[in-house]
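Notes follow once the structure below has been shown.
Please treat every number below as a calculation from the coordinates, not as lab data. Just so we're clear, the structure is a prediction, and the values are computed from it rather than from any experiment. A quick note on method: Cβ atoms are made from the backbone with ideal geometry, for glycine too, and the neighbour counts reach across all protein chains shown.
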């Protein structure tokens, strides 16, 4: 039998058990480690120095004091804190600590102080980062080095140091070397580690990483056509809409200014996807990204749906996922167009009015090209809800209002050449393909306004290009 | 001054950045097979029809190919046929 004990001076319970350690040392071989001061305990002539915490980390110590019994080198019993009965069971010795209280809880081990588990995993563990290390010279600024190397979207990034990457990897159960997929346009493999590096740079917290990974997986679904989207002339970039309880857990915004700035999760998750496309895929503006104008959402475009009304069918449920699922839905999005209607008082009026706004997507005389996301604000939604309308009622009314005879948009009409061919003048034409129109709820109260997010013209063939939804694996 | 080097990890695919030299243009078109690949964007066939007419006037061999959609890279079978049958490929655009 052999005993191991791990203590630290900065722990009243470790001070308390000093005489007990003396009793044990007199009876059996005792390997005594101290995490903060090898001179402690003085009465025993000090301890083995574990200020680097390697032994504590390898033993999995979380509380001090920890007492472990080994038989033939194998651990057979362990206790933490001070509990006389437990110490006697583990050590096999009787009469320990006469005069001491029978029980006193221990203290946190130095191995579990904030940030320490990741440091120790890097120093002693199985976590070996594979990405090429880039050394920043003493007089260089890491952020400027990142700019010089072309790693950024124009805004500063958080420098991806080993410790930050290790913490980020703590946000997923997936192995760092697991390949998530091949990122276009260069079809380069994205490992979980590379995703974590880019998530660090984007400003993500570790608990956002599963959302980032799901967003990448969604973007790589063939029907999303990420390759075409990243190199298009058109304005569009990937918009991420998050559904499910994870949105609340990681603190996403679906309320006031949901499409704007100010929320870390919204801002950094969308940015992480774009940085991955840029850095791993090689989708770089001015090179293969040929956007004529682009849109500010190409820095980052991500928000959560407002699911606070139990009567509302969330987007993910409407798209076939069970209630309570955590999902990302990706849409090929242009910028946000504001829509204000403060006069409508009935759901039919408001649906017709919203359709007038939606008709402008791509061009008022073009149908079946870019789709749209309609983000319904709480005050506009209230007009529908008060009349007993749910998602399906609103969608049906919008679909009916978004249908016109071809003669209303025929080529040449209004002195404008763009338009449908004359032979379609008597056809009834839908503004959007059903697959490329999404209805979601978000926003704050106090304004009778909603948002229209136009879609990519590549959506004109929804058999090849359409929005996608992917479950977030936790 | 820092005690330890400040290290960052490379977020890119770590592809060698070296410039690849362009292929030299063919010395002569006579006898070569020229593939015209439509990316399937609206009106790309008009552009390629015109190119084909001009090449035919010079008595050159022309074959036509098409991607199913301009929004995605060419599928493997299209690439395979291009490689097997053509010496030169012109990829055609519209807008």
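Quick notes on this one:
- Placing a pseudo-label 7 Å from each Cα along the Cα-to-Cβ vector at residue B:60 and residue B:79 gives an inter-label distance of 2.5 nm.
- Separation of alpha-carbon centers, the stretch A:281-313 and the stretch A:57-120, rounded to whole Å: 51 Å
- Of the beta bridges in the protein assembly as shown, as assigned by DSSP with both residues counted there, near 65 percent are antiparallel.
- Note on residue A:76 and residue A:392: the extension gain reaches 107.6 nm, defined as 0.36 nm multiplied by sequence separation minus the Cα-Cα distance.
- Ranked by how many other beta carbons lie within 10 Å on average, peptides A:3-16, A:39-52, A:172-185, B:76-89 from highest: A:3-16, A:172-185, A:39-52, B:76-89
- Each Cα pair under 8 Å and six or more residues apart adds its separation to the average, and for chain A the resulting relative contact order is 13 percent.
- Axis angle, to the nearest 10 degrees, between helix A:391-401 and the longest C-alpha principal axis of chain A: 30 degrees.
- Distance between the modelled labels on residue A:319 and residue A:233, one decimal in nanometres: 2.9 nm (7 Å Cα→Cβ projection).
- Note on residue B:10 and residue A:141: the model spin-label points, each 7 Å out from Cα along the C-beta direction, lie 2.5 nm apart.
- In degrees, nearest ten, helix A:192-202 long axis to first principal axis of chain A (Cα): 70 degrees
- Additional length obtainable on full extension of the chain from residue A:178 to residue A:435, 0.36 nm per residue less Cα span: 89.3 nm
- Amide N proximity, the stretch B:23-39 versus residue B:87 label position 7 Å along Cα-to-Cβ, cut-off under 12 Å: B:26-35
- Dimensions (Å) - chain A, Cα atoms, principal axes, largest first: 102, 53, 37
- Inter-chain neighbour count for A:90-96: the average number of beta-carbon atoms from partner chains within 10 Å of each residue's beta-carbon is 0.
- In whole angstrom, the stretch B:33-92 maps to an equivalent ellipsoid with semi-axes of 19, 15, 6, each derived as √(5λ) from the alpha carbon gyration tensor and ordered largest first.
- Peptide A:310-317 - average C-beta neighbours from other chains (10 Å radius): 0
- log10 of Debye I(q)/I(0), alpha-carbon scatterers only, for the stretch A:2-112 at 0.16, 0.19 Å⁻¹: -0.62, -0.91
- With only Cα atoms counted, the stretch A:57-109 has Rg and Dmax values of 11.6, 33 Å.
- Computed packing ranks the peptides A:112-119, A:82-89 as A:82-89, A:112-119, most packed first, by mean other Cβ atoms within 10 Å.
- Per-residue average of Cβ from other chains inside 10 Å of A:129-138: 4
- Computed over the stretch A:317-427: relative contact order in percent, which uses C-alpha pairs under 8 Å that are six or more apart: 24 percent
- With Cα atoms, 0 to 90° folded angle of helix B:76-85 axis to chain B main axis: 60 degrees
- Adding -39500 (n - 2.57) for every DSSP H run of four residues or longer, then dividing by how many residues chain A holds, sets the calculated 222 nm ellipticity at -7500 deg cm²/dmol.
- Estimated [θ] at 222 nm from DSSP helical runs (n ≥ 4, -39500 (n - 2.57)) normalised by residues in chain B, nearest 500: -8000 deg cm²/dmol
- Stretch gain in nm, segment residue A:44-residue A:413, where the contour uses 0.36 nm per residue and the Cα spacing is subtracted: 123.0 nm
- Most to least packed among A:343-350, A:357-364, B:68-75, A:298-305 [average Cβ atoms within 10 Å]: A:298-305, A:357-364, B:68-75, A:343-350
- For the stretch B:33-92: relative contact order, % (alpha-carbon pairs under 8 angstrom, 6 or more apart): 55 percent
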